[in-house]
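Quick notes on the structure that follows.
FYI, it's all coordinate maths here, none of it is from the lab. Just so it is clear, the structure is predicted and the values come from calculations on it, not from any experiment. Neighbour counts are summed over all protein chains in view; Cβ atoms, including those assigned to glycine, are modelled from backbone coordinates with ideal geometry.
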Amino acid sequence: MSGGPLERWVLADTGCKDRAALEAWQMARLRETVVYAREKSRFYAELLRGVDPSCLRARADLPLLPLTTAEQLRARGGDWLCCAASRVGRIVTLKTSGTTAEPKRVFFTESDLERTVDFFTHGMRELIAPGERVGILMPSEQPGSVGDLLARGLARIPAEAVKLGPVTDVAATYRALREAGCGCAVGIPVQVLGLACYGAALPEPERLRLRSVLLSADAAHPALVKRVGALLGCPVFTHFGMTELGYGGAVECAAHRGCHVRENDLLVEVIDPETGAPLPPGQRGELVFTTLRREAMPFLRYRSGDLGVLRTERCGCGSRLARVVPEGGRAARTDERLSLWELDGAIFSCDGAVDFCARAEGEALYLTVFGLEPPDKGALRAALLASGAARGLRVELECRTLRGFSGTGMDKRALTKGGGRET
Ligand SMILES: [Zn+2]
């Protein structure tokens, strides 16, 4: 193999020389995880009662393990725990806004968090050089938060983290990035798009000089990535992560053909979201994750709810690490008539559009699109018509001025029935 920094780290960390050895190594860790989880957790003791770990020899054997879901995690989070409460270094409680569903609680030991820090160190080397100053536009105040772990990872490159937090005031964050001399920014896709639009309207000498941008926390549609890159004049990388995966999951390389998976910690599959049947690489389905070395709370065949494609052929960068190409979507929660991903594609292709809320009711699609100035209605209608994203619904379109972003923006965006889009 001859890939970039991430692949070199994965191979060094696992002691594997090639793809075949890495896959065998993953199956050995999977067998250990099954034994460990069954012995240590009440939930897995029941779930895995009839499973013989020694039968798990190759990827084709994965369906011998049952799938697990966010609903099971919500219902019995504490029962998934595999270590003494005293060893838990961080508990993350994930509430789903606008619903009464039980929150999900995810537990990590210090060693679990350390593995994420290590991934961030080597993943960030795909897009920054040592000495770079990186603006972190994500929650980073709490020890063990995503921004805190990223800052710890950057320090080892060494690179300097500038913790600015999620964007609430576009102008203020833009100014702060510029004053700090950041050469890279890591943020939430729509928030970074807002910054990019803001900067493009400034006179040239007042603009940011970014050398790279990383979009994280939510799937970034290629239409959004293209606009961010054009407006900021730098390469745009994407990262796929979930809190359940210890935040970090997979990151893009300079070839921009999907996000390379941290395969020394994660095993990725794609399944048919309706039947649960495994799908071959290259086919679109629901992404399913298995953690290979987690202590506090291992995840076995965990349904992410996110759609995407798994790619296993060699990447343009030379790496043989598997790649995921996330397509957002929240398989289980998308309004059956609409696809958030298709709406993203249509709306984010329009100049000036930064964020939106969408809701289908009866035969109408209620759509509010935000921009630093209200975006052009004619262009949005034309893009929706050309893409078919409105699925024949009557479009009730409103264009408004963006007043900033609310909350942390760390929830993945989703369409909800009747309740508008969650932000
Ligand atoms: Zn690559």
- Message: Please list 3J(HN,Hα) in residue order for the range 361-378, calculated via the Karplus relation 6.51 cos²θ - 1.76 cosθ + 1.60 where θ = phi - 60°; whole Hz, with x for glycine and proline.
- Response: 9, x, 9, 10, 10, 8, 10, 10, 10, 10, x, 5, 10, x, x, 6, 5, x
- Relative to the longest principal axis of the chain, what angle (0 to 90°, nearest 10) does the C-alpha long axis of helix 170-179 take? 70 degrees
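Could you tell me which of rounded, prolate or oblate describes the range 265-364, using a ≥ b ≥ c as the square roots of the eigenvalues of the alpha-carbon gyration tensor, with rounded for a/c under 1.5 and, failing that, prolate when a/b is larger than b/c and oblate otherwise?
Numbers: a/c = 2.12, a/b = 1.56, b/c = 1.36.
It is prolate, given that a/c is not under 1.5 and a/b is the larger ratio.
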- Give the value in nm², to one decimal: projected area of the alpha carbon convex hull of the range 128-234, averaged over all directions. 6.3 nm²
- Sequence order, the range 209-225: Karplus ³J(HN,Hα) from phi using 6.51 cos²θ - 1.76 cosθ + 1.60, θ = phi - 60°, Hz rounded, Gly and Pro as x, gives 10, 8, 9, 6, 9, 10, 9, 9, 6, 7, 5, 9, 5, x, 5, 6, 4
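What translational diffusion coefficient, in µm²/s and rounded to a whole number, does the Stokes-Einstein relation yield for the range 54-146 at 25 °C and a viscosity of 0.890 mPa s, taking the hydrodynamic radius as the Kirkwood radius over Cα pairs? Present the calculation step by step, with values, prior to reporting the outcome.
Values: Rh = 16.7 Å.
Reported coefficient: 147 µm²/s.
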- Whole-Å distance linking the alpha carbon centroid of the range 1-58 with that of the range 279-317 is 13 Å
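Compute the signed sum of charges (Lys and Arg +1, Asp and Glu -1) over the other residues within less than 11 Å, Cβ to Cβ, of Y44. Write out the running numbers ahead of the final one.
Working: positive: R38, K40, R42, R49, R76; negative: E39, E46, D79.
For residues surrounding Y44, the net value is +2.
Sorted by mean Cβ packing within 10 Å, highest first, what order do the peptides 200-208, 213-221, 371-379 take?
Values: 200-208: 11.7, 213-221: 25.1, 371-379: 16.0.
Going by the mean number of other Cβ atoms within 10 Å, highest first, we get 213-221, 371-379, 200-208.
As a footprinting exposure proxy, order E363, E114, E132, E252 by other Cβ within 10 Å, with the fewest listed first. Intermediate results must be reported in sequence, preceding the final value.
Working: E363 9, E114 15, E132 19, E252 28.
Fewest to most other Cβ atoms nearby, the residues stand as E363, E114, E132, E252.
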- Message: Over the Cα atoms, compute the radius of gyration (one decimal) and Dmax (the largest Cα-Cα distance, rounded to a whole number) for the chain, in Å.
- Response: 21.2, 66
- Item | Principal-axis tilt of helix 146-155 within the chain, Cα atoms, nearest 10 degrees | 80 degrees
- Query: What is the sum of charges around A75, taking Lys and Arg as +1, Asp and Glu as -1, for the other residues whose C-beta is under 13 Å from the C-beta of A75?
  - Reply: +1
- For the table K95/K226; K95/K163; K17/K226, the rows whose alpha-carbon distance is greater than 26 Å are K95/K226; K17/K226
- Query: Would you list Y366, Y198 from fewest to most Cβ contacts within 10 Å?
  - Reply: Y366, Y198
